[in-house]
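In what follows, a structure is listed as structure tokens, so that the remarks can point back to it.
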Amino acid sequence: MKSAFKKKLESLRNKTFWWVDAAKGSPIKKHLIDISDILNNFDNTKEKRYKTVTRLLKHSINTTAFYKNLKINEFDLKLFPVITKNIITENEYLFRSNIFLNKKNITRSTSGSTGTPFKVIHNKNKIYRNSADTIYFSELAGFKIGYQLWYLRYWGLNFKNSNFKNWAQNLKPVEVINLNTDRIKELIIKIKKNPGNKGWLGFPSAFEQICKFLDQEKSQPIDANFKFIIGMAEGINDYTKERMSYYFKCPMVSRYSNMENGILAQQMANKTEYTINWASYHIEILNLHNNEQAPKGALGRIVVTDLFSYAMPLIRYDTGDIGAIDFSVNPPTLKNIAGRTTDTIYNTNGEIVSSFIMINSVRFDGIKQIQLIQESKTNYTIKLNCSDVFSDDKGLRDKFKSFLGDNAEINVEFVNEIPLLSSGKRKMTLNNYINR
């Protein structure tokens, strides 16, 4: 009886959402149709995408002081400069469109993983577009409006909803700060008792904690009607992806997004590459040390042009992330997201090392948390939070030397806790060498 009532509520939430959208003129539905058209008919919508870019460039030159002062006469994306968080922060009001100064906009702010406060302004149409992007990519993962969304993140003052809004959206917020054994145990009990279709969304480091708890408890797979699992804001290691899929009986995918733009790309079930959101963004890969285009297929800086951010245009915005695009498929996909430039680890020969080397820690019993820090060209620190079961620090050093170089000097430091960032994320890698 309770389960049947939950399903009726799911259906009611779904219908109510689209009724409200229809009453506003169906802005989200129209965007959803456009996104689907572009991503499913990529070649046939080339002209549409070109017009969208041109319209944004014209708007930026005509209505913002920053772009007007550049005196660019052609609507060619490559003539526009690459911008960064610092450039935007130092010239915030120059980036604002005079058309939207007195309109109802929303401010998005974040410290991100860099610790630098940063905010952008989103106009109403951009907000509708982000909602449509979220629905489209969530549905690809198995979500339907009305399902329970168990959302693990840092729920600071800027993100908290009212209890009514959480109920209306069927949102179950889970705080990642102090996510200890007792809280995980309580969370699993709630999930088992709560009927209805469910999905996970959240930080992979929190999901990893849940998996390690369930491993320790020697738990069997949990029958709780989970339909999707989406990790966001951090890289997902193979261990977390495999164990979450095992325990909750559905595939886990990774979403690449940020607060200032929205959903840039997402994996499909059982795939490693990322489907790029070409409908809402134009993405380039530039060289690591200059603003030239990186060779096709090579790692470089991910630079984004937000096609629907009109109150504060973000054109050729350097996200601070590193990745590579596969142009051999159509539409092109992100074949690699290597993390942030400030978190990138290099071996002793100066070559980028994938952050996925951190998965090797699961081979060693007793490790609860691990962080790899590059201190100089050949010096590294491994911070370990572990139980008394762990005893093979030499084996751990040797394993990481096989990736970093035989001449790597690795110091193992034992700590009680690897702290979360103010955003609630936990860095697995950190480069003090390049940051200096």
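The values are calculated or read from the model by the stated rules, or taken from the named source; none is laboratory data. Keep in mind it's a predicted model, so treat the numbers as computed, not measured. FYI the Cβ positions are ideal-geometry reconstructions off the backbone, even for glycines, and counts take in every protein chain you see. Note: accessible area is taken over every heavy atom of the protein model, side chains too, but ligands, DNA and RNA are not part of it. Shrake-Rupley method; radii C 1.70, N 1.55, O 1.52, S 1.80 Å.
Could you list, in sequence order, the residues of the stretch 294-317 that are assigned to a loop (DSSP other than H, G, I, E, B) and within 18 Å of Ile87 (Cα to Cα)?
Result: Ser309, Tyr310, Ala311, Met312, Pro313, Leu314, Ile315, Arg316.
Is it the case that Ser354 is surrounded by fewer than 20 Cβ atoms within 10 Å (Cβ to Cβ), at pLDDT 90 or above and of a type in the set (Gly, Ala, Ser)?
Here the answer is no, as Ser354 does not meet what is asked.
Any residue in the stretch 381-401 that is over 12 Å from Asp365 (Cα atoms) and among the charged types (D, E, K, R) sitting within a Cβ distance under 9 Å of a residue that is open to solvent by 20 Å² or more (accessible area, probe 1.4 Å) and assigned to a helix (DSSP H, G or I)? List the pairs, counting only those 6 or more apart or interchain.
Lys399/Arg363
Which residue, of Lys335, Lys296, Lys271, is out of contact with any His (no Cβ under 8 Å at 6 or more places or on another chain), open to solvent by 10 Å² or more (accessible area, probe 1.4 Å) and without any contact (Cβ under 8 Å) to a residue 24 or more places away in the chain?
Testing whether each residue is out of contact with any His (no Cβ under 8 Å at 6 or more places or on another chain), open to solvent by 10 Å² or more (accessible area, probe 1.4 Å) and without any contact (Cβ under 8 Å) to a residue 24 or more places away in the chain leaves just Lys271.
Looking at the structure I just gave you, is Asp306 open to solvent by 10 Å² or more (accessible area, probe 1.4 Å), under 20 Å from Glu92 (Cβ atoms) and touching a residue at least 24 places away in the same chain (Cβ under 8 Å)?
no
Just the residues that are charged (D, E, K, R), in a helix (DSSP H, G or I) and within 21 Å of Lys126 (Cβ to Cβ), please, taken from the stretch 15-43.
Asp21, Lys29, Lys30, Asp34, Asp37
Which ones in the stretch 66-112 are part of a loop (DSSP other than H, G, I, E, B), within 17 Å of Tyr310 (Cα to Cα) and in contact (Cβ under 8 Å) with a residue 12 or more places away in the chain?
Phe75, Phe80, Asn91, Phe95, Arg96, Ser97, Lys103, Lys104, Asn105
Is it true that Lys185 is open to solvent by 50 Å² or more (accessible area, probe 1.4 Å) and over 18 Å from the mean Cα position of the chain (by Cα)?
For Lys185, the condition - open to solvent by 50 Å² or more (accessible area, probe 1.4 Å) and over 18 Å from the mean Cα position of the chain (by Cα) - is met.
Out of all the residues in the stretch 213-223, is one or more among the basic types (Lys, Arg), more than 24 Å from the chain's Cα centre (by Cα), part of a helix (DSSP H, G or I) and modelled with pLDDT of 90 or more?
Checking the stretch 213-223: not a single residue is among the basic types (Lys, Arg), more than 24 Å from the chain's Cα centre (by Cα), part of a helix (DSSP H, G or I) and modelled with pLDDT of 90 or more.
Could you check the stretch 233-249 and list, in sequence order, the residues that are under 15 Å from Trp150 (Cβ atoms) and modelled with pLDDT under 95?
If the condition is that a residue be under 15 Å from Trp150 (Cβ atoms) and modelled with pLDDT under 95, then no residue fits.
Being at pLDDT 95 or above, out of contact with any Cys (no Cβ under 7 Å at 6 or more places or on another chain) and loosely packed, with under 14 Cβ neighbours inside 10 Å: is that true of Ile38 here?
no
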